[in-house]
1. Which whole-percent values make up P(r) of the chain when all C-alpha to C-alpha distances are grouped in 10 Å steps starting at zero?
2. Give me the Kirkwood hydrodynamic radius of the range 1-64, using the inverse of the mean 1/r over all pairs of distinct Cα atoms, in Å to one decimal.
3. Restricting the count to DSSP beta bridges whose residues both fall in the chain, what percent are antiparallel, rounded to a multiple of 5?
4. Calculate the FRET efficiency for residue 202 and residue 148 from the Cβ-Cβ distance with a Förster distance of 30 Å, rounded to the nearest 0.05.
5. Counting only helical runs of four or more DSSP H residues, what would the 222 nm mean residue ellipticity of the chain come to if each run contributes -39,500 (n - 2.57) and the total is spread over all its residues?
6. Provide the packing ranking of 196-204, 94-102, i.e. peptides ordered by the mean count of other C-beta atoms within 10 Å per residue, highest first.
7. Taking loop as defined by DSSP and a crowding limit of 11 other beta carbons within 10 Å, which chymotrypsin sites (Phe, Trp or Tyr not before Pro) in the range 172-278 fit?
8. Please enumerate, by chain and number, the aspartates and glutamates with C-alpha under 13 Å from the C-alpha of residue 38, excluding those fewer than 8 residues away in the same chain.
Amino acid sequence: MDTLTEYDRRFLERALALAERARGHTHPNPLVGAVLVKDGKIVGEGYHERAGLPHAEAVALAAAGEAARGATAYVGLEPCDHTGRTPPCSLALIRAGVSRVVIAARDPNPVAAGGALRLKGAGVPVVEAGWEARVREQNLAFFTAVEKKRPFVRFKAGATLDGRVAEAGGRSRWITGPAARRVAHAFRQEAAAIMVGVGTVLADDPLLTTREPDFRPFPEMKEPPPLKDPLPVVFDTEARTPPGAKVVARGALVLVGEGAPEDRMESLRAAGAEVLELPRDEAGKVSVPAALRALFERGLTSLLLEGGPRIAGAFFRAGAVDRVSLFLAPKFLGEGRGLVEGFAPGLEEAPRFEVLRTEWLGEDLWLELEPKEVA
């Protein structure tokens, strides 16, 4: 890691802030911003808007034109060094004649990494800020998918103080207030897919769309990006999802167990759903690892797990939860559905979590947690 000047930090911060403008739209690519500075002034800047469109460096170079020659480039992630749907950004920077490149973090993807090495080989000085922790937090889904070869999984739930997510009869609207629900919709916006169990579909018939996302987690965003809906996924071992369900009309992916009733699967396909048969686990349910592999093979790098309690228990049993976003309402419900069901490891074996964030959203308490590493 090289020492950064305050001047460097200012423009690198600008690059990371620019990247946020595309949150929820770059999947499966990371959020990346770029700034070109010459003689103390920004001569070009940009961000990666969507997969398949030019990368941040290319947008900034196009904005700068000839002014890019001799400029310093500030980039949130190491410039790519491979040809995919767009040419290598490393070569674009070299050809534009930039005099120096400052990167916040190295690219963890071995397919795209190597831009820093190519730039150095061409005689362009490269400064590495060592901001890997910050860039990783900004791009949790991207980093997790590269490292684990499966989607990043966020478990989101609203619960009462006694851990109830619904009344005994199943009614859950509304446990938390509007501010908490808006933040929850921000998590929908940035997820590639959203998953519920068939029990939730039968009880609530949800749309699983994004409405009024509140990007409170990312205060540098002055305006949220346009709305985007995640792909609805239903965890449904026996294909009990009604063909008339709202998510089926949205083209849901329904994950069923091998040997599920053929007539039910055909009815779902005829109604517009994609039905995928997957191996079952020892309990006879759809295997969570198999489900995650199937999503990853479809290029889905992030999954928002919304419910219900039994599917949450299955993911906790599989050790497949990377982040928990829990919204606690100041209520006691007494009898009702628990936050997680079908998961009873005991106190000694219970997974532990580190609290990363606490914030009041009206009367509700928002907790962000991640699994704690076992020493």
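1. Reading the bins upward from 0: 5, 22, 29, 22, 14, 7, 1.
2. On the way: mean 1/r = 0.0831 Å⁻¹.
It is 12.0 Å.
3. Values: 26 of 61 bridges.
Taking every DSSP beta bridge with both residues in the chain, the antiparallel ones total about 45 percent.
4. Values: r = 31 Å, r/R0 = 1.04.
Plugging the Cβ-Cβ distance into 1/(1 + (r/R0)^6) gives 0.45.
5. Details: 12 runs with 106 residues, N = 375.
Computed ellipticity for the chain at 222 nm equals -8000 deg cm²/dmol.
6. Details: 196-204: 21.2, 94-102: 19.0.
Result, highest mean first: 196-204, 94-102.
7. Values: sites: 174, 187, 215, 235; in loops: 174, 215.
Answer in residue order: 174.
8. Of all the aspartates and glutamates, those that pass the test against residue 38 - Cα under 13 Å, at least 8 places apart if same chain - are 8, 66.
The values are calculated or read from the model by the stated rules, or taken from the named source; none is laboratory data. Remember, it's a predicted structure, so these values are computed and weren't measured experimentally. So basically every Cβ, Gly included, is an ideal-geometry build from the backbone, and we count neighbours across all protein chains shown. We work out accessible area using only protein heavy atoms, side chains counted, and drop any ligands, DNA or RNA first. Shrake-Rupley method; radii C 1.70, N 1.55, O 1.52, S 1.80 Å.
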